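The structure appears below as structure tokens.
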Number of protein chains: 2
Amino acid sequence: MKEEKLLRKILEDNHLRITKTRLFIFNLLQNNEPQSIAELVDRSTTKVDRVSVYRILDLYEKLGIIKRINIGWKYKLELSDIFLDHHHHISCIGCGHMVAIKEEEELEDLIDNLGKAAEFVLTSHQLELQGYCAKCQKRQKKQSAQPLRAI
Amino acid sequence: MKEEKLLRKILEDNHLRITKTRLFIFNLLQNNEPQSIAELVDRSTTKVDRVSVYRILDLYEKLGIIKRINIGWKYKLELSDIFLDHHHHISCIGCGHMVAIKEEEELEDLIDNLGKAAEFVLTSHQLELQGYCAKCQKRQKKQSAQPLRAI
DNA sequence: AATGTATTGCAATTTTGTTGCAATAATATA
DNA sequence: TATATTATTGCAACAAAATTGCAATACATT
């Protein structure tokens, strides 16, 4: 429960109250894959009002507790790097399956340099990869070849 | 007008009609910085109905003509790599200013390897950096120091 | 130019996100 | 530990964003 302790500290430091709803939402974030707001609202019903979910997510974002990550056209929310180790994502267009890519020094260094070159002081970055996972590649081969840009 | 030719070819290849509205929206995408859907809808009024803007953007996404890029909690749309040279973005939290980062072989290679390591066949990726631009850094120094997690 | 059909615009609807305010719950303090 | 203070929540109403069905229109084919 190290994470909840940190959450409590952040709230305290900002003179914000440690409430059941705030802990509940934090719990949802902690015990699930990255979720959309709709999913979070869904998982909260009966426990927490829609409005409060939105308000708590806004607050958590301002406090740097959560961040948005992109999956194609949509985005999902996950705990930020102070709770989870810094990482990136790769997601399968075929089945939606998503895996975390653990931190790579070489990549992070390169990103730092991009910031320096642009004379920026970097505060954050996201890298998202998309493609077909091993399973979906096999499945595709079995079926007839797909057109490049089918709709 | 090389780009419009490619657009026409993609539509033709998919047995879709080349219409004034589709060309109009493409034109908006081509002649502006990355835009939000709201901005595109705004710039279309009187010419194109809101609904059609949504439908055309959906279509363009399916066809791989446009892609979403993230700016903090929001996203914007821009033409995809078949129209624009592949690049990434760095945006300033202070003033919202955004600059393109031109392709870097080393970075792209590294990303390819991440895909291979996960046994994925990659189709696309996005890298977004955030921070403070040179101007905003100076402005901040003048003002008193900011707390790390102010709300 | 006429025909068939995809595309568009309109109206209505659903979904998503926001606001004000009274009721409630968390903290400070006595 | 009870009470007072005030942040937080839920409710209702609202506003904005996105979607749907269908008739009117415009594009492509002959």
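Rounded to 0.05, the FRET efficiency of the B:ASP81 and A:ASN31 pair, given R0 = 35 Å and the Cβ-Cβ distance, is 0.40.
Computed over the protein assembly as shown, the per-residue total of -39500 (n - 2.57) for DSSP H runs of n ≥ 4 gives a 222 nm mean residue ellipticity of -13000 deg cm²/dmol, rounded to 500.
Where both bridge residues fall in chain A, DSSP classifies roughly 75% of the beta bridges as antiparallel. Using the Cβ of B:PHE26 as centre and a radius below 10 Å, the other residues enclosed give a net charge of 0, where K and R count +1 and D and E count -1. Among the listed pairs A:LYS9/A:LYS62; B:LYS2/B:LYS102; A:LYS135/B:LYS116; B:LYS76/B:LYS116; A:LYS135/B:LYS67; A:LYS116/B:LYS102, those with a Cα-Cα distance over 19 Å are B:LYS2/B:LYS102; B:LYS76/B:LYS116; A:LYS135/B:LYS67. Distances between equivalent label points of A:THR19 across the copies, with each point positioned 7 Å along Cα→Cβ, amount to 4.7 nm, shortest listed first. Among A:ARG68, B:ARG50, the order by Cβ neighbours within 10 angstrom, fewest to most, reads B:ARG50, A:ARG68. Remark: relative contact order (chain B) = 17 percent; criterion is Cα-Cα distance under 8 angstrom and separation of 6 or more residues. Chain B has one residue whose beta-carbon comes closest to the axis relating it to chain A; that residue and its distance in whole Å are B:LEU127, 2.
Three principal axis extents of the range A:1-53 based on alpha-carbon atoms, in descending order, are 30, 22, 15 Å.
Going from the fewest other Cβ atoms within 10 Å to the most, the residues B:CYS136, A:CYS133 appear in the order B:CYS136, A:CYS133. Does the range A:1-119 come out rounded, prolate or oblate by the C-alpha gyration tensor, with a ≥ b ≥ c the root eigenvalues, rounded set by a/c under 1.5 and, if not, prolate when a/b is larger than b/c and oblate if not? The shape class here is oblate. Counting other Cβ atoms within 10 Å as a rough exposure proxy, the listed residues B:ILE90, A:ILE111 run A:ILE111, B:ILE90 from fewest neighbours to most. By the rule of a C-alpha distance below 17 Å, with chain neighbours fewer than 8 residues away ignored, the aspartates and glutamates paired with B:LYS47 are B:GLU39.
Taking A:ASN27, A:ASN14, A:ASN113 in turn, the Gaussian network model of chain A (Cα-Cα springs below 10 Å) assigns the largest fluctuation to A:ASN113. When cysteine pairs in chain A are screened for C-beta atoms closer than 4.7 angstrom, the residues that find no partner are A:CYS95, A:CYS136.
Where a number appears in this text, it was derived from the coordinates with a stated rule and is not lab data. Keep in mind that this is a model prediction, so the values were computed, not measured. In this analysis, Cβ positions are derived from the backbone assuming ideal geometry, glycine residues included, and neighbour counts consider all displayed protein chains.
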